[in-house]
Amino acid sequence: MDGVRKILYISYDGLTDPLGQSQILAYLKRLASLNNRIVIVSFEKPGLFEQGKDAIQKIITEHGLTWIPLPYTKNPPVLSTLADVYKCYNLCRRLHHQYRFHIVHCRGYIAAIVGQKMQKRFGLKFIFDMRGWWPDEKLESGFWNKPVYKPVYRYFKQLEKRFFHACNYAVSLTYKGKETIVGTGLANEDKVGVIPTCVDFEIFKERTDAGTKELRAKLGVKPGEKVFVYSGSLGGNYDPEILIKVFKAYQNIHAAAYLLILSKDKIDESLQSRFSDAGINRIAIYNAPFTEVTNYLRAGDVGFIYYKMSFSTIGRSPTKMGEYWASGLPVVALKGIGDLDYILDKYPGGGVLLSEEKKEWEKEIRAMNPNGLAPLRQYALEYFHVEKGVAFYQNVYEQLSGRTT
């Protein structure tokens, strides 16, 4: 074994996906400077890949990473995923003969299928970085609610047990998730670590009064308007009706309120009409590139976080929580999402949690951070800094390889 740790990193999410830069490259480009030789295999969606491949390759080259993108296939469902797994495993076998990896780090369940095979065949240390309870997310969102998907769900829940049993280390995004993993006997406590989704503060800049004024002017925000920001998906586990009702509660307090939606999803006419039918006329919807999201957030007054309440919610670590705070926005969030209840209790003035009783929402929002003095960016630096995640993963790599940097 030479002096450099050789890591095979597999992700079924693409580096050109919105989360690719914030939740994959942000870590890996820093880990590459810590005596790690990292080869990334990812599945890229054609449209996003064509748009973003040059920018991603520039980052890859600058930080001494190696990237092998594979085309993501969506149809036919299930069979296309099995085909992706097959071609990924064949590629990873060839790469291992070239690089002689020590560790295979798998982001999510599909990647873990390949990672466990690599562990079994070549003796690699296997990290199961679960990123939430994926089979349950699929079922609860409605994507797997047809009878044909019942055996698919059962199959992945069986795989889940195998991953936890076989892996050398598992990573949960939340402490609630870890409690369930350990409490149900899926893995021992010392085999499971927790790291939330993190924020790259080189991208999410500090808020300034002058900068905020300029950004709001560009967006056409009128003097005195309060900007309510929602950054995330719409549909599936993200019911637009909840967003509408919470914004209306906010609007009852701040009559001059402006709804700013940042979403990668296509907002069709029927969805837009739901906002107008609800009397929401001051609204803007943008599909902003990841590096530009920070500009929109710094124009806001408050950020909203929500998710369908179900079992998989325990594993949710909303990426936008840290990004809102880094941009100076207190949050409004539904109770019970991952560790948010704990986080907002730990950091006073960081935002408010909304109860199940919709009639209480206006009262709860009204009680939010009345002085506006909470050190939100400092909170984000303490809890969500990407360097915290880098240190976490580096420690895991060192433990599994038996060598420190």
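The values are calculated or read from the model by the stated rules, or taken from the named source; none is laboratory data. Note that this is a predicted model, so its numbers are computed, not measured. Ideal geometry is used to build each Cβ from the backbone, glycine not excepted, and the neighbour counts take in all protein chains shown.
Taking the criterion of being among the small types (Gly, Ala, Ser) and surrounded by fewer than 19 Cβ atoms within 10 Å (Cβ to Cβ), the residues of segment 183-207 that qualify are Gly183, Gly185, Gly193. Here Gly52 does not qualify as in contact with a strand residue (DSSP E or B) (Cβ under 8 Å, 6 or more places away or on another chain) and of a type in the set (Gly, Ala, Ser).
Scanning segment 1-40 for residues being of a type in the set (Val, Ile, Thr) and farther than 16 Å from Lys58 by Cβ gives a total of 5.
Checking the stated criteria, Glu323 turns out to be in contact (Cβ under 8 Å) with a residue 60 or more places away in the chain and within 17 Å of the chain's Cα centre (by Cα).
Residues checked against (1) buried (at least 17 other Cβ atoms within 10 Å of the Cβ); (2) touching a Pro at 6+ places or on another chain (Cβ under 8 Å); (3) at pLDDT below 90; (4) closer than 24 Å to Leu344 by Cα:
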| position | (1), (2), (3), (4) |
| --- | --- |
| Asp239 | no, no, yes, yes |
| Ala249 | yes, no, no, yes |
| Tyr258 | yes, no, no, no |
| Asp265 | no, no, yes, no |
| Asn281 | no, no, yes, no |
| Ala284 | no, no, yes, no |
| Phe290 | yes, yes, yes, no |
| Asp301 | yes, no, no, yes |
| Ser310 | no, no, yes, yes |
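Only strands (runs of 3 or more DSSP E) whose full extent lies in segment 204-296 are considered here, and the ones with at least 1 residues that are free of Cβ contacts under 8 Å to residues at least 40 places away in the same chain are 257-262, 283-286. Scanning segment 136-182 for residues that are polar (S, T, N, Q), in contact (Cβ under 8 Å) with a residue 12 or more places away in the chain and either surrounded by fewer than 18 Cβ atoms within 10 Å (Cβ to Cβ) or part of a helix (DSSP H, G or I) (or both) returns Ser141, Asn168, Thr180.
If the condition is being in a strand (DSSP E or B) and farther than 16 Å from His105 by Cβ, then segment 37-92 contributes Glu44, Pro69, Leu70, Pro71.
Assessment of segment 321-330 against the conditions (surrounded by fewer than 18 Cβ atoms within 10 Å (Cβ to Cβ), modelled with pLDDT under 95 and outside the structural domain of Gly108 (by TED's automatic domain parsing)) yields no matching residue.
In segment 1-25, of all residues being assigned to a loop (DSSP other than H, G, I, E, B) and in contact with a helix residue (DSSP H, G or I) (Cβ under 7 Å, 6 or more places away or on another chain), the one that is surrounded by the fewest Cβ atoms within 10 Å (Cβ to Cβ) corresponds to Asp13. Take segment 146-180 and flag every residue that is in contact with a helix residue (DSSP H, G or I) (Cβ under 9 Å, 6 or more places away or on another chain), over 17 Å from Asp190 (Cα atoms) and either among the β-branched types (Val, Ile, Thr) or not assigned by TED's automatic domain parsing to the domain that holds Lys125 (or both). Result: Val152, single match. Close contacts from segment 93-105, counting a first residue that is closer than 18 Å to Ser11 by Cβ and a second that is among the charged types (D, E, K, R) and part of a strand (DSSP E or B), with Cβ to Cβ under 8 Å and a gap of 6+ residues or different chains, come to Tyr99/Lys6; Tyr99/Arg37; Phe101/Lys6; Ile103/Arg5; Ile103/Lys6; Ile103/Lys125; Val104/Lys125; His105/Asp129.
Within segment 26-51, if we keep just the residues that are touching a residue at least 40 places away in the same chain (Cβ under 8 Å) and crowded, with 19+ Cβ neighbours inside 10 Å, the residue that is nearest to Asp200 (Cα to Cα) turns out to be Ala26. Among the residues of this structure, Val352 does not count as one that is assigned by TED's automatic domain parsing to the domain that holds Asn237, touching a residue at least 60 places away in the same chain (Cβ under 8 Å), of a type in the set (Val, Ile, Thr) and under 17 Å from Leu243 (Cβ atoms).
The residues listed here are Ala367, Ala391; of these, the one that is in the same structural domain as Tyr258 (by TED's automatic domain parsing) and free of Cβ contacts under 8 Å to residues at least 40 places away in the same chain is Ala367.
The set of residues from segment 96-113 being closer than 20 Å to Thr73 by Cβ and either in a helix (DSSP H, G or I) or in contact with a Gly (Cβ under 7 Å, 6 or more places away or on another chain) (or both) comprises Cys106, Tyr109, Ile110, Ala111, Ala112, Ile113.
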